[in-house]
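For reference, the structure I am asking about is given below.
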Amino acid sequence: MVEPLFRANLSQQPEIGEVVSLDGAEAKHAISVRRMRIGEAIQITDGQGLRVRGEVTSIAERSLALVVKSTERESLPSTRFVLVQALAKGDRDELAIQAATELGAWAIWPWQAERSVSRWDAAKAVKGVDRWQAIVTEAAKQSLRVFEPRVTTPVTTKELASRVGEFDQVLVLDPTASVGLGSVNLDSVGSGPRVPGVGEVAIVVGPEGGISETELNQLEAAGAKRVRLGHEILRTSTAGVAAISALQARLGAWD
């Protein structure tokens, strides 16, 4: 059985044999939903790369305690994928960010694209980011990830184009592109401007109506690359997921 993972407020890395408490909503979920019992194995994380494995030693009404069996500080992935997901109607954008997180997305950028049916004004943006963050956080825990992706404030196309230079590569998924995703050169990833040895690749996914030609030209002029995913036309809820999966496979994530 794989130990379930919960988010804990850890000010420092605990020692083996130390007793650590899990409180609040996470403890309630562990007790009431996951039905954790004394003696069962459990994992906790700070969301910043720390994985603590332990055993439940006591359970109260709103908290539980665990004794630490092992600790590990995981290193940053050599390539970090940022999903720039256009706002979409219904729950298609939410399905996209959930699955992308499970597959290793490092961060999520909501994008107010020209053809986005869903529109976030200032008030709705705050609620939207909070909801997306909750979805991403739960997806990270479900997939046992100890790095919790962050959801940024929404960006417009103009803002996105102005920030293309922050990444090693920006790949715009466009079914009319002449270049396929499989031919993208990832060798230069890791020499970008943020963290030495760690590269960031942004994957831009349009809304249901696609990315407008004006937006494609604007992003391409800023240095982004237009790439296609085979001959099929994928939904906004699956395109980014497919791209991340393909790139992760090329980088050996499934080895």
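The values are calculated or read from the model by the stated rules, or taken from the named source; none is laboratory data. These figures come from a predicted structure and were not determined experimentally. As a convention, Cβ positions derive from the backbone with ideal geometry for all residues, glycine included, and neighbour counts pool all protein chains shown.
Hey, does region 73-96 have a residue that's over 30 Å from Arg119 (Cβ atoms), touching a Lys or Arg at 6+ places or on another chain (Cβ under 7 Å) and not basic (Lys, Arg)?
Checked against the condition, which is being over 30 Å from Arg119 (Cβ atoms), touching a Lys or Arg at 6+ places or on another chain (Cβ under 7 Å) and not basic (Lys, Arg), region 73-96 yields at least one hit.
Right, next: Under 22 Å from His29 (Cβ atoms) and not charged (D, E, K, R) - does that describe any residue in region 78-92?
No: region 78-92 contains no residue that is under 22 Å from His29 (Cβ atoms) and not charged (D, E, K, R).
Could you tell me whether Glu61 is outside the structural domain of Ile16 (by TED's automatic domain parsing) and at negative phi?
On the way: outside the structural domain of Ile16 (by TED's automatic domain parsing): no; at negative phi: yes.
The answer is no for Glu61.
Also, I was wondering about something else. Return the pairs, sorted by first residue and then second, in which the second residue is at pLDDT below 90, the first residue lies in region 25-38 and is farther than 18 Å from Val67 by Cα, the beta carbons are less than 8 Å apart, and the residues are 6+ apart or on different chains.
Lys28/Arg62
Moving on. Which residue, of Ser178, Ser143, Ser118, Ser183, is hydroxyl-bearing (Ser, Thr, Tyr), in contact with a helix residue (DSSP H, G or I) (Cβ under 9 Å, 6 or more places away or on another chain) and more than 30 Å from Ile42 (Cβ to Cβ)? Walk me through it before giving the result.
On the way: Ser178 fails: in contact with a helix residue (DSSP H, G or I) (Cβ under 9 Å, 6 or more places away or on another chain); Ser143 fails: more than 30 Å from Ile42 (Cβ to Cβ); Ser183 fails: in contact with a helix residue (DSSP H, G or I) (Cβ under 9 Å, 6 or more places away or on another chain).
Unique residue meeting the criteria: Ser118.
Any chance region 132-155 includes a residue that's within 25 Å of Gly230 (Cβ to Cβ), at pLDDT below 95 and among the acidic types (Asp, Glu)? Talk me through it step by step, then tell me what you get.
Going through region 132-155, the residues within 25 Å of Gly230 (Cβ to Cβ) turn out to be none.
The answer is no, given that none of the residues of region 132-155 is within 25 Å of Gly230 (Cβ to Cβ), at pLDDT below 95 and among the acidic types (Asp, Glu).
Taking region 4-15 on its own, how many of its residues are surrounded by 12 or more Cβ atoms within 10 Å (Cβ to Cβ) and assigned to a loop (DSSP other than H, G, I, E, B)?
Residues flagged as surrounded by 12 or more Cβ atoms within 10 Å (Cβ to Cβ) and assigned to a loop (DSSP other than H, G, I, E, B) within region 4-15 amount to 6.
Among the residues of region 41-69, how many are crowded, with 17+ Cβ neighbours inside 10 Å, in a loop (DSSP other than H, G, I, E, B) and in contact with an Asp or Glu (Cβ under 8 Å, 6 or more places away or on another chain)?
Going through region 41-69 one residue at a time, the tally reaches 1.
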